[in-house]
1. Go through the range 117-155 and report how many residues are touching a Pro at 6+ places or on another chain (Cβ under 9 Å), more than 11 Å from the ligand (Cβ to nearest atom) and among the polar types (S, T, N, Q).
2. Check Ala105, Ala141, Ala173 and return the single one that is more than 16 Å from the chain's Cα centre (by Cα), aliphatic (A, V, I, L, M) and over 21 Å from Trp40 (Cα atoms).
3. Suppose we filter the range 197-244 for residues that are in a loop (DSSP other than H, G, I, E, B) and within 16 Å of the ligand (Cβ to nearest atom); how many remain?
4. Considering only the range 179-197, I want to know if a residue exists there that is modelled with pLDDT of 95 or more, hydrophobic (A, V, I, L, M, F, W, C) and touching a His at 6+ places or on another chain (Cβ under 9 Å).
5. Just the residues that are of a type in the set (Val, Ile, Thr) and open to solvent by 40 Å² or more (accessible area, probe 1.4 Å), please, taken from the range 267-298.
6. Test Lys142 against the criterion of being free of Cβ contacts under 8 Å to residues at least 24 places away in the same chain and more than 17 Å from Asp48 (Cβ to Cβ), and give yes or no.
7. Pairs, please: C-beta under 6 Å, at least 6 apart or cross-chain, first residue within 17 Å of Arg291 (Cα to Cα) and in the range 176-187, second surrounded by 23 or more Cβ atoms within 10 Å (Cβ to Cβ) and of a type in the set (Phe, Trp, Tyr)?
8. If I ask for residues that are within 25 Å of Lys267 (Cα to Cα) and within 16 Å of the ligand (Cβ to nearest atom), which ones from the range 178-196 would you list?
Amino acid sequence: MELGGALEALDPNSIKRSVLMEVEGVPLVSSMAEEWGHLWGFKARPDDLLICTYPKAGTTWIQEIVDMVRHGGDPRQCGRGPTHDRMPFIDMFLPKPFPSGVAQAEAMPSPRMLKTHLPVQLIPPSFWEQNCKIIYVARNAKDNAVSYFHFHRIGNLLPEPGNWDQFLDNFIAGKVAWGSWFDHVRGWWEAKDHHPILYLFYEDMKETPDREIQKVAQFLGVTLPDPLVNQIVQHTTFESMKANPMTNYSTIPSFILDQSVSPFMRKGTVGDWRDHFTVVQSKHLDKVCARELGGSGLAFRTQI
Ligand code: A3P
């Protein structure tokens, strides 16, 4: 079941900026919260691979890396469809009768690769029961917030972001879709000690992509000779993915994702936050990070 071109069939008037609704204290877009039972009851299979991130942490990037690793570095195989068709986004509930991410996943043969932004406490229990492998990518709060702000500007299914100052306040307060960044990165960090979770950092992927790709291969039990690693590095650079219609979300109609406002593949750097944060905002977020992540052993780099 492909979303692909079928998205064009959606009535643009059915796409509305969402309000947030809480599930177990976590704000979610209302379409997701209303269908929560479907997501919570999701039936994972033992050979599912779940890719999990806080929104805008580098999901699409790790998805392409994983697909390349799984397909022996063959770009033609990864070109079989856009990212969202190859790896259903199980959190996605578009206006009916459009298939949900859950329905898309149910129709997919194994082995499946699935995407979610759920915080660890909201992961459907079947993923734990089936002991599924999970790859988590975390990105430093400052760049993550900036990227999420710009994504709100183009994502017509998300709430209105307001201006940067307002958005940052909401981000720090966890009053954004999928909730608190701090709880997310910390919750998954703690879970990795009890489950088969590979925890990666966007900044490491940017600095030493070959090493991080090898970590993915090892986690998936794939042996990758160096030339193939290099091929995957080249295929998954920001520039390659920005130019690739199968990874740049250009197949999504503009009434859902308006890339004329800001491209999905926007900057792809570490440190773009410097062009957005005031000194006061930066110091404040440093303080909140120290308080919220203190004692966890979790450390982020805001420059490389
Ligand atoms: P920016 O908005 O900072 O540019 P997600 O896929 O989780 O929605 O994350 C999107 C962010 O990851 C965007 O960040 C996007 O540019 C960046 N990104 C996507 N592919 C990338 C790549 N190959 N290398 C570096 N960054 C990438």
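The values are calculated or read from the model by the stated rules, or taken from the named source; none is laboratory data. Bear in mind that the values here come from a model prediction, so they are computed numbers and not experimental data. Glycine gets a Cβ as well: all are built from the backbone with ideal geometry, and neighbour counts include every protein chain shown. Ligands, DNA and RNA are stripped out before the accessible areas are found, and what is left, the full protein with its side chains, is counted by its heavy atoms. Shrake-Rupley method; radii C 1.70, N 1.55, O 1.52, S 1.80 Å.
1. Total satisfying the criteria: 2.
2. From the options Ala105, Ala141, Ala173, the qualifying one is Ala173.
3. Here the count works out to 4.
4. No; the residues of the range 179-197 include none that is modelled with pLDDT of 95 or more, hydrophobic (A, V, I, L, M, F, W, C) and touching a His at 6+ places or on another chain (Cβ under 9 Å).
5. Thr269, Thr278, Val279, Val280
6. It is false that Lys142 is free of Cβ contacts under 8 Å to residues at least 24 places away in the same chain and more than 17 Å from Asp48 (Cβ to Cβ).
7. Trp181/Tyr54; His184/Tyr54
8. Scanning the range 178-196 gives Trp178, Gly179, Trp181, His184, Val185.
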